[in-house]
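Read through the structure below, which is laid out as structure tokens, and then see the notes.
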Amino acid sequence: MSVSRQGLRLPYACKGGVCYTCRAKVLEGEVKMNKNYILEQHEIDEGLFRADLSQCHPVSERVVVSFDEH
């Protein structure tokens, strides 16, 4: 688990963006991934993203995600 700036514990395993451990789904808001090594376009279209804090950033004021809906 990784701790975000807001104190949230986020799952991770590889720390390199090549496993599915940090994959989450955007339920509300919008995020931007700087790099994507593993997700296919249809997954991104469904709202999935890598919650790797070094590669993913919120682009809306409020973002709600789920690590259980993938």
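Quick note: the coordinates plus some simple rules give every number you see, no bench work behind them. Note that the coordinates shown come from a computational prediction; the quantities given were computed from them, not determined experimentally. When we count neighbours, we look across all protein chains shown, and the Cβ atoms used for this are built from the backbone with ideal geometry, even at glycine.
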Q: Mind listing the long-range amide H neighbours of Val65? Cut-off is under 5 Å, sequence gap 5 or more, other chains count too, H placed in the peptide plane at 1.01 Å from N.
A: Leu27
Q: Report the extension gain between Thr21 and Gln41 in nm, rounded to one decimal, defined as 0.36 nm multiplied by the number of residues separating them, less their alpha carbon distance.
A: 5.4 nm
Q | Order of Arg23, Arg50 - criterion: other Cβ atoms within 10 Å of each residue's Cβ, fewest first | A | Arg23, Arg50
Q. Among Leu10, Leu48, Leu27, what is the fewest-to-most ranking by other Cβ atoms within 10 Å?
A. Leu27, Leu10, Leu48
(Q) Compute the orientation-averaged projected area for region 22-70 from the convex hull of its Cα atoms and round it to one decimal in nm². (A) 3.1
Q. How far apart, in nm, are the 7 Å Cα→Cβ label points at Val64 and Lys32?
A. 2.4
Q | Amide H partners (placed H, <5 Å) of Tyr12, local residues excluded | A | Ser2
